[in-house]
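**Student:** This structure is in structure tokens; I'll ask about it shortly.
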Amino acid sequence: MNRVSLIALGVLATVIASLFGLVLIPNFQLESMGPRSIQQPDGSTAVYPAELDSYLEAPGREVYRDLGCVYCHSQQVRPEGFGADIERGWGARRSVPRDYVLQSPPFMGTMRTGPDLANIADRQPSQEWHYLHLYDPRITSPGSVMPSFKFLFDTTVGEAPRAPLGFPMIPLPETYVDEPTWIVPTERGRALIAYLGTLRQPFEMEEVQ
Amino acid sequence: METDPRDPGRAADVRERAVIDRSAREVVLLWYGSSVFWLLLGSMLALVTSIKLHTPGFLADWEWLTFGRVRPAHLNTVIYGWASMSGVGTLLWLMARLCKIRLPWREGLILAGIYWNAMVAIGTFQILVGNGTSIEWLEFPWWVSIPLGVVFLVLIALTVKMLRTRREKHLYVSQWYLFGATIWFPFLYVAATVLIHSPAATGVAKATANWWFAHNVLGLWLTPIGLASAYYFIPKVLGRPIHSYYLSIIGFWSLALFYNWAGTHHLIGGPLPAWLVTVGTVGSMMMFVPVITVAVNHHLTMAGHFSKMRFSPTLRFIVFGAMSYTVVSVQGSLTALRMVNEVGHFTHYTIAHAHLGVYSFYSMIAFGSMYYVMPRLVEREWVSSRLIKIHFWACAVGMIMYWVGLSFGGWIQGLMMNNPDVPFMDVVQRMIPYLWSRSIAGTLMTIGHVSFAILVWKMIRREGAWLVEPTLFVTRKDAREAANASHLPAPATGGHAS
């Protein structure tokens with residue numbers, strides 16, 4: 001065999017080995033894992049993780065992707081004793097592979113310019129808070145460097161608008177505007193908040209060794 | 001040295017090289033010229049991104065310029081536009097020179113360059129209008145990234161053909177690296193795209209596929225090209241052979257074996273099987289082998305000749321890059337340790353590290369290579385040594401400022417975040433001065449890029465002098481006087497700029 005073929009085989013072999021080791025074998029280990037039925041204290045059964053509904057939540061995840069939220073917000077809680085994720089209240093337990101089985105792809109993130117969102121639905125259940133925060137993060141969180149997403153809202157100054165059925169109409173705080181102003185989220189804005197409302201990692205879940 | 005009219009044997013070599021250079025002219029100039037365009041665009045996107053992080057009101061009302069879109073647009077233009085296209089340019093020229101054959105398939109390579117530009121443009125546009133994937137380093141929609149990877153089959157076939165028809169029997173280590181890179185990149189890009197966008201991988205395995213790829217874009221695509229360039233240009237400019245051929249082969253195979261196992265260190269503390277993260281940490285530690293091998297080899301080649309960096313732009317950029325390779329690799333291995341990762345992960349520390357790799361190491365070497373190659377393609381000199389100086393110092397100072405500011409700031413960010421008594425908003429506020437320092441550093445780097453773009457523009461328009469006197473930082477006459485005065489070695493100059 002000549003030198004050139006030998007190098008080609010060598011470089012292919014090394015990269016295929018790591019593809020197996022880092023991607024295909026873990027996938028083989030985890031692919032049978034799916035949602036699980038969980039007996040709740042009140043006797044009812046919950047399925048976790050649950051599928052996103054295709055009406056608002058799944059489109060909301062697309063908005064999350066499209067606006068690149070993942071570049072500042074992670075969705076993973078590190079274990080106790082490694083960082084302070086649990087002490088900060090970002091989750092009651094560490095994140096485990098089962099939390100992500102339905103996510104394609106998972107938005108686990110690598111940056112925390114903003115806080116982790118793995119359990120944002122439980123940490124901040126107020127929809128109104130989310131709408132104001134999204135419209136201009138400085139309204140709810142002075143000092144924030146998050147971009148404002150005013151393009152996800154229709155704004156009305158003067159008298160209250162008539163929001164379409166199912167769309168909330170939120171007055172902006174008087175300290176923020178001179179004249180009475182209302183915001184109504186667009187379809188995408190409403191979907192994004194619906195998606196954030198699904199972000200929680202509840203129940204005790206086993207780790208994978 | 002390259003031209004000495006008093007030596008007829010050398011003169012034949014010079015003619016042969018000129019024929020090879022001429023065969024590569026249009027193709028390499030197209031890839032190089034395009035890369036500089038993407039460098040400028042990428043710098044603009046970088047500045048917008050950076051400013052938004054400390055001044056969130058900046059350009060805030062345009063959805064297509066929201067932070068979460070300009071940031072990936074920056075990354076993809078600099079990686080697939082600037083770094084990859086300049087890399088392919090250098091790769092083609094080096095392969096032709098080292099195989100001692102004329103560059104084949106010129107029309108095809110020009111078409112491939114145009115196609116590549118079109119794909120990067122479409123992909124970047126798709127990110128800005130909201131069709132990016134939000135998968136780091138793979139933000140182009142799959143219908144852009146798969147055609148991008150597939151065009152590399154042409155490059156594989158081309159390098160195989162060139163190696164088979166080579167007229168120089170000996171395979172120099174740069175050819176090993178370049179050949180490896182042409183095989184690795186399309187394999188990684190297509191495999192990762194398929195795994196992430198199809199049901200072939202599920203759940204967190206998609207995340208490991210993501211970081212297997214993203215880590216390897218630097219490790220098995222840009223790093224081999226950067227090292228191939230350093231291995232070629234340092235000995236070439238100095239006029240002395242590489243210190244050890246055997247060390248360079250050890251460096252190559254240990255890189256091939258270990259680099260691609262390090263990717264999961266981006267997921268330490270994450271929801272993965274425990275063994276998988278350990279594998280990533282072990283792979284990162286093993287990286288000390290190729291890194292030390294390369295560092296020793298380059299250092300021993302340079303030893304005693306560092307003063308020549310005063311004269312040669314190529315050498316100055318490339319030695320800066322080669323030293324950064326050692327620093328970034330050692331930092332990367334240490335960052336994979338759990339106790340370091342606990343603080344540095346999720347912070348600007350990682351961003352600083354990434355720029356040390358792609359910019360301080362790879363891009364500086366790419367600049368140095370282009371300073372050497374372009375005059376030989378165009379047969380003209382660079383128009384201004386002052387602009388080269390501005391380019392070097394603006395980029396070098398900007399890069400150091402960038403790295404120091406964000407590494408330090410990121411470390412503080414990590415320490416504060418790991419202390420649950422510190423309110424999160426205090427962390428955000430504490431970062432603002434460091435984020436400003438990044439915008440200033442980025443402005444400096446952009447000034448350097450504009451100087452470089454002016455030089456490249458004038459080079460392509462053939463505004464420089466004929467290749468007689470090389471554009472050095474110090475002219476030969478100055479240098480001779482300086483050497484006489486202080487017994488410094490005379491600069492390594494031939495009839496070409498080095």
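The values are calculated or read from the model by the stated rules, or taken from the named source; none is laboratory data. Remember, it's a predicted structure, so these values are computed and weren't measured experimentally. FYI the Cβ positions are ideal-geometry reconstructions off the backbone, even for glycines, and counts take in every protein chain you see.
**Student:** Please report, ordered by residue number, the helices (runs of 4 or more DSSP H) entirely within the stretch B:42-161 with at least 1 residues that are within 21 Å of the chain's Cα centre (by Cα) and under 21 Å from residue A:105 (Cα atoms). Give the derivation first.
**Tutor:** Numbers: elements: B:67-76, B:84-99, B:106-128, B:142-150.
Correct list: B:67-76, B:106-128, B:142-150.
**Student:** Considering the stretch B:323-347 alone, what residues qualify as being within 14 Å of chain A (Cβ to nearest Cβ) and farther than 13 Å from residue B:281 by Cβ?
**Tutor:** Taking the stretch B:323-347 and keeping what is within 14 Å of chain A (Cβ to nearest Cβ), we get B:335-347.
Of everything in the stretch B:323-347, those that are within 14 Å of chain A (Cβ to nearest Cβ) and farther than 13 Å from residue B:281 by Cβ turn out to be B:343, B:344, B:346, B:347.
**Student:** Let me ask something else about it. With respect to the numbered conditions (1) small (Gly, Ala, Ser); (2) within 30 Å of residue A:151 (Cβ to Cβ); (3) more than 9 Å from chain B (Cβ to nearest Cβ), which one is the sole condition not fulfilled by residue A:74?
**Tutor:** Tallying (1) small (Gly, Ala, Ser); (2) within 30 Å of residue A:151 (Cβ to Cβ); (3) more than 9 Å from chain B (Cβ to nearest Cβ), residue A:74 fails exactly one: (3).
**Student:** Now, a different point. Looking at the structure I just gave you, is residue B:177 over 27 Å from residue B:73 (Cα atoms), more than 8 Å from chain A (Cβ to nearest Cβ) and of a type in the set (Phe, Trp, Tyr)? Lay out the reasoning, then the answer.
**Tutor:** On the way: over 27 Å from residue B:73 (Cα atoms): yes; more than 8 Å from chain A (Cβ to nearest Cβ): yes; of a type in the set (Phe, Trp, Tyr): yes.
Yes; evaluated as a whole, the condition is true for this residue.
**Student:** If you don't mind, there's one more thing I want to ask. Within the stretch B:184-212, restricting attention to residues that are more than 9 Å from every other protein chain (Cβ to nearest Cβ) and part of a helix (DSSP H, G or I), which residue is surrounded by the fewest Cβ atoms within 10 Å (Cβ to Cβ)?
**Tutor:** B:194
**Student:** Still on this structure, I have one more. Out of the residues in the stretch A:81-90 that are buried (at least 21 other Cβ atoms within 10 Å of the Cβ) and either over 13 Å from the mean Cα position of the chain (by Cα) or more than 17 Å from residue B:418 (Cα to Cα) (or both), which is farthest from the other protein chains (Cβ to nearest Cβ)? Even if it seems obvious, please write down each step before you answer.
**Tutor:** Taking the stretch A:81-90 as the starting set, the residues that turn out to be buried (at least 21 other Cβ atoms within 10 Å of the Cβ) are A:83, A:85, A:90.
Of the ones still in play, those that are also either over 13 Å from the mean Cα position of the chain (by Cα) or more than 17 Å from residue B:418 (Cα to Cα) (or both) are A:83, A:85.
On the way: A:83: 5, A:85: 8 Å.
Restricting to residues being buried (at least 21 other Cβ atoms within 10 Å of the Cβ) and either over 13 Å from the mean Cα position of the chain (by Cα) or more than 17 Å from residue B:418 (Cα to Cα) (or both), the top hit is A:85.
**Student:** Could you tell me which residue of the stretch B:245-265 is farthest from the other protein chains (Cβ to nearest Cβ), considering only residues that are in contact (Cβ under 8 Å) with a residue 60 or more places away in the chain, in contact with a Gly (Cβ under 7 Å, 6 or more places away or on another chain) and closer than 19 Å to residue B:226 by Cβ?
**Tutor:** The extreme case among them is B:262.
**Student:** Any chance you could count how many residues in the stretch B:291-330 are surrounded by 19 or more Cβ atoms within 10 Å (Cβ to Cβ), farther than 15 Å from residue B:365 by Cα and free of Cβ contacts under 8 Å to residues at least 40 places away in the same chain?
**Tutor:** Of the residues in the stretch B:291-330, 0 are surrounded by 19 or more Cβ atoms within 10 Å (Cβ to Cβ), farther than 15 Å from residue B:365 by Cα and free of Cβ contacts under 8 Å to residues at least 40 places away in the same chain.
**Student:** Out of (1) surrounded by fewer than 21 Cβ atoms within 10 Å (Cβ to Cβ); (2) in contact with a strand residue (DSSP E or B) (Cβ under 7 Å, 6 or more places away or on another chain), what's the single condition that is false for residue A:71?
**Tutor:** Checking residue A:71 against (1) surrounded by fewer than 21 Cβ atoms within 10 Å (Cβ to Cβ); (2) in contact with a strand residue (DSSP E or B) (Cβ under 7 Å, 6 or more places away or on another chain), the one that fails is (1).
**Student:** Being under 30 Å from residue B:101 (Cα atoms), crowded, with 24+ Cβ neighbours inside 10 Å and touching a His at 6+ places or on another chain (Cβ under 8 Å), is that true of even one residue in the stretch B:216-223?
**Tutor:** No, the stretch B:216-223 has no match at all.
Residue by residue, here is whether (1) surrounded by fewer than 17 Cβ atoms within 10 Å (Cβ to Cβ); (2) touching a Gly at 6+ places or on another chain (Cβ under 6 Å); (3) among the basic types (Lys, Arg); (4) under 19 Å from residue A:104 (Cβ atoms) holds:
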site	(1), (2), (3), (4)
A:3	yes, no, yes, no
A:11	no, yes, no, no
A:21	no, no, no, no
A:31	yes, no, no, yes
A:44	yes, no, no, no
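**Student:** Here is a further query. Quick one: is residue B:93 buried (at least 22 other Cβ atoms within 10 Å of the Cβ), closer than 24 Å to residue B:173 by Cα and either of a type outside the set (A, V, I, L, M) or modelled with pLDDT under 95 (or both)?
**Tutor:** On the way: buried (at least 22 other Cβ atoms within 10 Å of the Cβ): yes; closer than 24 Å to residue B:173 by Cα: yes; either of a type outside the set (A, V, I, L, M) or modelled with pLDDT under 95 (or both): yes.
Considered against the rule, which asks whether it is buried (at least 22 other Cβ atoms within 10 Å of the Cβ), closer than 24 Å to residue B:173 by Cα and either of a type outside the set (A, V, I, L, M) or modelled with pLDDT under 95 (or both), residue B:93 comes out as yes.
**Student:** Give the residues of the stretch A:131-174 that are in a helix (DSSP H, G or I) and of a type in the set (Phe, Trp, Tyr), sorted by residue number.
**Tutor:** A:131, A:135, A:151
**Student:** Of the residues that make up the stretch A:101-119, is at least one in a helix (DSSP H, G or I) and among the polar types (S, T, N, Q)?
**Tutor:** Checked against the condition, which is being in a helix (DSSP H, G or I) and among the polar types (S, T, N, Q), the stretch A:101-119 yields no hits at all.
**Student:** Determine if the stretch A:131-139 includes at least one residue that is surrounded by fewer than 18 Cβ atoms within 10 Å (Cβ to Cβ) and in the same structural domain as residue A:180 (by TED's automatic domain parsing). Explain how you work it out, then say what you get.
**Tutor:** Of all residues in the stretch A:131-139, those surrounded by fewer than 18 Cβ atoms within 10 Å (Cβ to Cβ) come to A:138.
Now restrict to residues that are in the same structural domain as residue A:180 (by TED's automatic domain parsing): A:138.
Looking through the stretch A:131-139, at least one residue is surrounded by fewer than 18 Cβ atoms within 10 Å (Cβ to Cβ) and in the same structural domain as residue A:180 (by TED's automatic domain parsing).
**Student:** Tally time: how many residues in the stretch A:154-184 are under 22 Å from the mean Cα position of the chain (by Cα) and either at pLDDT 95 or above or hydroxyl-bearing (Ser, Thr, Tyr) (or both)? Break it down into steps so the answer makes sense when it comes.
**Tutor:** Just the residues of the stretch A:154-184 that are under 22 Å from the mean Cα position of the chain (by Cα), to begin with: A:167-168.
Then drop every residue that is not either at pLDDT 95 or above or hydroxyl-bearing (Ser, Thr, Tyr) (or both), which leaves none.
Residues flagged as under 22 Å from the mean Cα position of the chain (by Cα) and either at pLDDT 95 or above or hydroxyl-bearing (Ser, Thr, Tyr) (or both) within the stretch A:154-184 amount to 0.
**Student:** Test of understanding: among A:6, A:30, A:12, which residue is closer than 18 Å to residue B:187 by Cα and within 8 Å of another protein chain (Cβ to nearest Cβ)? Working first, answer last.
**Tutor:** On the way: A:6 fails: within 8 Å of another protein chain (Cβ to nearest Cβ); A:30 fails: closer than 18 Å to residue B:187 by Cα.
So the residue among A:6, A:30, A:12 that is closer than 18 Å to residue B:187 by Cα and within 8 Å of another protein chain (Cβ to nearest Cβ) is A:12.
**Student:** Report every pair of residues separated by at least 6 positions or lying on different chains whose Cβ atoms are under 6 Å apart, first residue within the stretch A:139-160 and within 12 Å of chain B (Cβ to nearest Cβ) and closer than 22 Å to residue B:55 by Cβ, second hydrophobic (A, V, I, L, M, F, W, C) and part of a loop (DSSP other than H, G, I, E, B).
**Tutor:** Correct list of pairs: A:147/B:60; A:148/B:60.
**Student:** What number of residues within the stretch B:416-440 satisfy the criterion of being under 31 Å from the mean Cα position of the chain (by Cα) and not β-branched (Val, Ile, Thr)?
**Tutor:** Selection size over the stretch B:416-440: 8.
**Student:** Being under 20 Å from the mean Cα position of the chain (by Cα) and at pLDDT 90 or above is the filter here, so list the residues in the stretch B:259-283 that pass it.
**Tutor:** If we filter the stretch B:259-283 for residues that are under 20 Å from the mean Cα position of the chain (by Cα), which is where we start, we get B:259-260, B:262-263.
If the condition is that a residue be under 20 Å from the mean Cα position of the chain (by Cα) and at pLDDT 90 or above, then no residue fits.
**Student:** Within the stretch B:268-319, which residues are more than 30 Å from residue A:103 (Cα to Cα) and among the polar types (S, T, N, Q)?
**Tutor:** Applying the first criterion (more than 30 Å from residue A:103 (Cα to Cα)) to the stretch B:268-319 yields B:285-319.
Once the filter is applied, which keeps residues that are more than 30 Å from residue A:103 (Cα to Cα) and among the polar types (S, T, N, Q), the stretch B:268-319 yields B:293, B:297, B:301, B:307, B:312, B:314.
**Student:** Tell me, which helices (runs of 4 or more DSSP H) wholly within the stretch B:332-430 include 2 or more residues that are free of Cβ contacts under 8 Å to residues at least 24 places away in the same chain and at negative phi? If you could, list the steps in order and put the result at the bottom.
**Tutor:** Working: elements: B:338-344, B:348-355, B:364-378, B:385-417.
It comes to B:338-344, B:385-417.
**Student:** When you check residue B:281 against the structure, is it in contact (Cβ under 8 Å) with a residue 60 or more places away in the chain and β-branched (Val, Ile, Thr), yes or no? Steps first, please.
**Tutor:** Values: in contact (Cβ under 8 Å) with a residue 60 or more places away in the chain: no; β-branched (Val, Ile, Thr): yes.
Against the criterion (in contact (Cβ under 8 Å) with a residue 60 or more places away in the chain and β-branched (Val, Ile, Thr)), residue B:281 does not qualify.
**Student:** Would it be correct to say that residue A:95 is within 18 Å of the chain's Cα centre (by Cα) and either farther than 19 Å from residue A:194 by Cβ or modelled with pLDDT under 95 (or both)? Break it down into steps so the answer makes sense when it comes.
**Tutor:** Numbers: within 18 Å of the chain's Cα centre (by Cα): yes; either farther than 19 Å from residue A:194 by Cβ or modelled with pLDDT under 95 (or both): yes.
Yes; evaluated as a whole, the condition is true for this residue.
**Student:** Does the stretch A:52-61 include one or more residues that are modelled with pLDDT under 90, more than 30 Å from residue B:166 (Cβ to Cβ) and not in a loop (DSSP other than H, G, I, E, B)?
**Tutor:** Within the stretch A:52-61, the subset modelled with pLDDT under 90 is none.
No, there is no match, as no residue in the stretch A:52-61 is modelled with pLDDT under 90, more than 30 Å from residue B:166 (Cβ to Cβ) and not in a loop (DSSP other than H, G, I, E, B).
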